[in-house]
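*Asks:* Quick one: the structure is below, questions incoming.
The values are calculated or read from the model by the stated rules, or taken from the named source; none is laboratory data. Predicted model only: the values in this text are computed from it and were never measured. All Cβ positions, glycine included, derive from the backbone under ideal geometry; neighbour counts span all protein chains shown. Surface areas here come from the heavy atoms of the whole protein model, side chains and all, with no ligands, DNA or RNA. Shrake-Rupley method; radii C 1.70, N 1.55, O 1.52, S 1.80 Å.
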Amino acid sequence: MFSLGGFSRGGEYEKKAWDVLIIGAGPAGFTAAIYAARFGLKTLIISKDLGGNMALTDLIENYPGFPEGISGSELTTRMHEHVKKLGVDIVFDEVERIDPTECAYYEGPCKFVVRTKNGKEYKGKTIIIAVGAAPRKLNVPGEAEFTGRGVSYCATCDGPLFKGKKVIVVGGGNTALQEALYLKSIGVDVTLVHRRDQFRADKILQDRFKASGIPTILNTVVTEIKGTSKVEAVKLKNVKTGEETEMAVDGVFIFIGYEPKTDFVKHLGITDEYGYIPVDMHMRTKVKGIFAAGDITNVFKQIAVAVGQGAIAANSAKELLEEWNGKAAE
C-alpha cells in the first residue's frame, strides 16, 4: 500500500478526519484535489475508477494546450500524476451514502460520514461531489441482455473487437460522431442512426463526419436489439413514417447522453427532478459543507468546464473551513 498519492482499500484512512473528501476522480475531482492540496488541506479522493468518461474518450481536441488533440487515457494519466505529486491519497471504492453528523454550522466544522459499498466509513469536514454522469440507456428489449456481448457504451474500450464487422452507432451529438469516426478509423464498418433529422454536434465535427462518408440513417430509433448469444440484428423504426425495418449488425454502440449518478445523495434533498445537483456560482449545494462540480451539476459537459468547477469547489471549501475555524477561535 502506498501512503502518499497511491492506492488503498481504506485502512488507516478511516481513522482520519479529512478537511476535504472528494467523491470522484474525473477532471473535476482531480482539479479539486490539486487545489485543495495546494491550499494545505488534508484531502482524500474516493472513486471506483480514474478519469470517468474522460478516460473512455479516444481523442480530445478542445482541451486548451493540446491543439493536435490528446487521448482521454493520456490526459487521465497526466492529471493523476499531478495529484500524486501533491501527495493526495486515493481510495478505490464506491460511495453508498453521505450522512451529516454533529453539524453545528455556526459553532464549528460540520462533519460528514461517507459510507462505501466495501463497508468503510470516512469522516470529512467538507465534501466535494464530482462523480459525473453515466451513459444513458436506450431502454429497449435486448439492450441489457446483450451489454458486453455486442452492446457497448465505449468505442475506445470495445471498438477493436469489431474490426471488419458491422455495427451501428446511436446518437447525434459530439460523442456519437466522434466515436463513429474513431470506429471507422480502426476498420469497423459503421453506420450512424439518429432519431432527428439534424445533428447536435459541433460544426467542425459535422463537417469531418460528412467528409468521412459514414452512412447515416436519420429520423430513426432502435426499438429492439436481437440475437442469441450475442448481437445479431437491430429493429429500426422511422419516427416520421412509422416504417419498421431490421438490420443485421454485430454490435451496437450507444451515445445518447448521460444520466447523473446521484442515488447515494438523494436522501439529502440536494438533487433536482432529473437527479442532477444544482449549485450556485461557488459550487455550493443546499447542504452547507457539501459542494458539487462537473457533469453532475448538469452544465455544458466539457472537460474544461469540469476543471473550472473543480477549482471553484476547492476554493469554496477552503473559505468555508476558514470561516468555521475563525468562529471556533472566537
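*Asks:* Quick check: the distance between the Cα centres of region 237-270 and region 113-181, to the nearest angstrom?
*Replies:* 11
*Asks:* Restricting to DSSP H runs of at least four residues, report the calculated mean residue ellipticity at 222 nm for the chain, -39500 (n - 2.57) per run over all residues, nearest 500 deg cm²/dmol. Show your work: numbers first, answer last.
*Replies:* Values: 6 runs with 79 residues, N = 330.
Rounded to the nearest 500, it is -7500 deg cm²/dmol.
*Asks:* Out of Ala55, Ala248, Ala313, any idea which swings most in a Gaussian network model of the chain, alpha carbons joined below 10 Å?
*Replies:* Its mean-square fluctuation being the largest, the pick is Ala248.
*Asks:* Okay, moving on. Starting from one equal scatterer on each C-alpha and no solvent at all, send me the Debye-based log10 I(q)/I(0) for region 79-180 at q = 0.12 Å⁻¹, two decimals.
*Replies:* For region 79-180 at q = 0.12 Å⁻¹, log10 I(q)/I(0) is -0.72.
*Asks:* Further, regarding this structure: Using a 1.4 Å probe on the protein heavy atoms, what percent of the accessible area of the chain belongs to carbon and sulfur?
*Replies:* Summing carbon and sulfur atoms, their accessible area is 50 percent of the total for the chain.
*Asks:* Between Gly242, Gly40, Gly289, find the one with the highest GNM mean-square fluctuation for the chain; connect C-alpha pairs within less than 10 Å.
*Replies:* Gly242
*Asks:* Using the Cα centre of region 155-309 as the reference point, and only Cβ charges (+1 on K/R, -1 on D/E), how large is the resulting charge dipole? Debye, rounded to the nearest 20. Can you show the working numbers first?
*Replies:* On the way: 21 positive and 18 negative charges, 44 e Å.
So the dipole magnitude of region 155-309 works out to roughly 200 debye.
*Asks:* Projecting each Cα onto the charge dipole of the chain (Lys/Arg +1, Asp/Glu -1 at the beta carbon, about the Cα centre), which of Phe209, Gln302, Met281 comes out farthest on the positive side?
*Replies:* Most positive-ward Cα: Phe209.
*Asks:* Among the aspartates and glutamates, select those whose C-alpha is under 13 Å from the C-alpha of Lys48, and discard any that sit fewer than 8 residues away in the same chain.
*Replies:* Those aspartates and glutamates meeting the cut-off are Asp93, Glu94, Glu96.
*Asks:* Roughly what would the spin-label model give for Arg115 and Ile70, points 7 Å off Cα along C-beta, in nm?
*Replies:* Between Arg115 and Ile70, the label points sit 3.9 nm apart.
*Asks:* Here's a follow-up. Write down the accessible area per residue of the chain in Å², having rolled a 1.4 Å probe over the full set of protein chains.
*Replies:* Here the per-residue accessible area is 48 Å².
*Asks:* Which one, Ile23, Leu181, Val265, projects farthest toward the positive side of the charge dipole computed for the chain from Cβ point charges (K/R +1, D/E -1)?
*Replies:* Leu181
*Asks:* Seen from all sides and averaged, what is the projected area of the convex hull of the Cα atoms in region 183-225, in nm²?
*Replies:* Directional mean of the projected Cα hull area for region 183-225 stands at 3.6 nm².
*Asks:* I've got another one for you. Can you give the convex hull volume per residue for the Cα atoms of region 181-307, as a whole number of Å³?
*Replies:* 181
*Asks:* Averaged across orientations, what area in nm² does the convex hull of the alpha carbons in region 208-267 project?
*Replies:* If you wrap the Cα atoms of region 208-267 in a convex hull and average its projections, you get 7.4 nm².
*Asks:* Moving on. Please work out the Kirkwood hydrodynamic radius for region 235-309, using every pair of different C-alpha atoms, and report it in angstroms with one decimal place.
*Replies:* Working: mean 1/r = 0.0654 Å⁻¹.
The Cα-based Kirkwood calculation yields 15.3 Å.
*Asks:* Peptides 16-26, 253-263, 175-185: what's the order by average Cβ count within 10 Å, highest mean first?
*Replies:* Ranking the peptides 16-26, 253-263, 175-185 by packing returns 16-26, 175-185, 253-263.
*Asks:* Taking the Cα centre of the chain as the origin and placing charges on Cβ (Lys, Arg +1; Asp, Glu -1), which of Thr57, Asn315, Ile127 is farthest toward the positive end of the dipole?
*Replies:* Value: Thr57.
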